[in-house]
1. I'm told Glu562 meets every condition in (1) out of contact with any Asp or Glu (no Cβ under 7 Å at 6 or more places or on another chain); (2) surrounded by fewer than 21 Cβ atoms within 10 Å (Cβ to Cβ) except one. Can you identify the failing condition by its number?
2. Just one of Tyr584, Tyr647, Tyr603, Tyr622 is assigned to a helix (DSSP H, G or I) and in the same structural domain as Leu317 (by TED's automatic domain parsing); which is it?
3. Given the residues Ser452, Ser439, which is the only one that is of a type in the set (Gly, Ala, Ser) and surrounded by fewer than 19 Cβ atoms within 10 Å (Cβ to Cβ)?
4. Spot the failing condition for Phe512; the list is (1) assigned to a helix (DSSP H, G or I); (2) touching a residue at least 40 places away in the same chain (Cβ under 8 Å), and only one is missed.
5. Pick from segment 66-84 the residues that are among the polar types (S, T, N, Q) and within 15 Å of Gln48 (Cα to Cα): which of them is modelled with the lowest pLDDT?
6. Tell me yes or no: at least one residue of segment 400-410 is part of a strand (DSSP E or B) and under 22 Å from Phe639 (Cβ atoms).
7. Has segment 266-281 got at least one residue that is assigned by TED's automatic domain parsing to the domain that holds Glu431, modelled with pLDDT of 90 or more and among the β-branched types (Val, Ile, Thr)?
8. Within segment 419-434, take every residue that is out of contact with any His (no Cβ under 8 Å at 6 or more places or on another chain) and under 19 Å from Gln257 (Cα atoms) and give me the one that is surrounded by the fewest Cβ atoms within 10 Å (Cβ to Cβ).
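The values are calculated or read from the model by the stated rules, or taken from the named source; none is laboratory data. Predicted model, so just to flag it, every value in this text is computed and none were measured. We place every Cβ from the backbone using ideal geometry, glycine too, and count neighbours over all the protein chains shown.
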Amino acid sequence: MTSDPTISLDFAHLEPQNLPSTGEDLLHRLRSALATEPFEMEAGLLRQVNDRLEQILTLGFSLEDLLQIGQKLLQAAPGQEATWKFLELCLPHWSEAQLSALLRQLLAVTEVIAHHASSHPAAQKIVSRLDRLSLQLAADDVRVLFPILYRLQQGSRSDRLESVALAERCLHLSTQWSDRITATNILLLSWLQNGGNWQRAAEIYQDYKALLRSFLQAYEAHPKAENLESLTQLLPVGALSFYFEDDPQNNRPFRHQIAQIGQVHLQAELSQNVERYRAANQARSSLLSPSRRKVPRIGYLSECLQQHSVGWLARWLLKYHDRDRFEIHLYSPRPSNDRIQNQLRLDYGDRFHDLPASIATIADKIYDDQIDILVELDSLTCLGGCGVMALKPAPIQVHWLGYDASGIPGVDYFIVDPYVVPEDAQDYYSETLWRMPHSYIAVDGFETHPPSLRRDQLDIPADAIVYLSSQTGLKRNLDNARLQMQVIKAVPQSYFLIKSFQANPEYVESFFRELAESEGVSRDRLRFLPDVTSETLHRANMAIADVVLDTYPYNGATTTLEALWLGLPIVTRVGQQFAARNSYTMMMNAGIPEGISWNDAEYLEWGIRLGTDADLRQDIAYRLNRSRHTSPLWNGQQFARDMESAYQQMWEKC
């Protein structure tokens, strides 16, 4: 990979000045401008070059020189429209080798700009243009297409729709095991995110499981059949099973096999880093004791230290940490200019580390900072965090929050509580389960905004019973959604509010309307809520509901906490996997067992009862309001003390 280019995001309008008489003069002035540090170019110069480029090409000007100019323009001025025009004019004339060189530069520039795109709106547009050009140059190279796919999945509604077709193309092009698995994983994620055809998603999931089994069999027979880099892609694979089935006894050991293969190959790829970390950690571990270092160093690693569920939940622990007893460092591979991240930067100063999205770079920084306990917050949601944990730059490594534990051998502990995993869960976890005394998460509460929705705006009578389901498209499991429809059908004058974050609204509405028709529920009883501009407004609008219908086999987490904070009753189904027990642990810690069900029949029973028993709803609201002052779920400061006690014990055991 090339070194980080200098990026200019200047979209200033270009006006022509002093038009030279020859194209050669223009190119000479352009070369001189590109050679300046810092880069400066007279207004309108590049546009003049473009106007005369066809003339320049007929004079036999060196295409190699034009390629070098194009590469420098990508480095210095990717945000200028004239740069794009220059590249488009040159593309038909460059050879395959020259286009390959341009593609390498495109990928390097895109990687750098994409790192800043979340905090710079102009950068998002540039990344989109760069991706389109890369697609034009490498339409059949899955290694180029995969990063573009991930960005499409995080983009606009049209981007997410486009990701489905492109994922299908990647699957068709993939020949290596790891590429086929990655392409199927991306395709499945695209279908789920869009909230589309659940039957199609279920078919892809069965293909996905069969593909993983076949890969493991092939790998056991020929463990060195694929290159090292491709197999590291498998580190975060497997999380999508949580949305389809609740079977940790079988799925977790399966996940451990995949994670172990990914770790082995990543460690082989970066063997020098691993040996350096291992030698230092062994030396430090033999001396780690309160008498040697009185202040343990704790590092938190996450791409989501911002306005994201992880950021909203983790901020309370980070706020209340006793920084006289612990030295805290935060590692963020994704910069953001939002309120959460800005506050963390302010609070932690030079111990908030903005880092490039490079596994080796992040691991080296953690190692150089001599972190004693590394706490990773994202788990299976990203390759970067999994990769860092696989390299083991810290002697003690912990998963907290995230998507359940990753199964990576380099992770020592997984933070849980008495409820969120069953008593026998240690039998099928590779990580040591560290059970907190109450809940694995606690917050002081949630900020809200004046609501923007009223019942009359939604054409809902004031005395109607309003049910709410507010989740991502990923969690729209067909069997659970059918059960929700049966609740609506059984409760007279009830309505169902449906909000699916980042899903395609047309797909979500079609899914629920077809399901309502099949269950004998009038479509008039469904209401679809759009996304809103802020989390605080989203929470305020939740209060329009009477009862929340939770999802299964992947429960709500942040949405459950928000509902409890607002005093709303919840109907949840408890399963065996971590993802199917989030609402259970939160409700138990809030002192509300009403609504907790262990099978479909109980889910339906509680859904009907909470919709028809106004006194019970009022009692739950009263107890939830009172729990704000008594429950461990709403005591971030005590939770911080409990986590620090856990860290201290881990450190002393090391």
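1. That leaves (2) as the condition not met.
2. Sole residue among the options that is assigned to a helix (DSSP H, G or I) and in the same structural domain as Leu317 (by TED's automatic domain parsing): Tyr647.
3. On the way: Ser439 fails: surrounded by fewer than 19 Cβ atoms within 10 Å (Cβ to Cβ).
Of Ser452, Ser439, the one residue that is of a type in the set (Gly, Ala, Ser) and surrounded by fewer than 19 Cβ atoms within 10 Å (Cβ to Cβ) is Ser452.
4. (2)
5. Gln80
6. no
7. no
8. Our first condition is that a residue be out of contact with any His (no Cβ under 8 Å at 6 or more places or on another chain); within segment 419-434, this holds for 419-429, 432-434.
Retained after the next criterion (residues that are under 19 Å from Gln257 (Cα atoms)): 425-429, 432-433.
On the way: Ala425: 20, Gln426: 15, Asp427: 11, Tyr428: 19, Tyr429: 20, Thr432: 13, Leu433: 15.
That would be Asp427.
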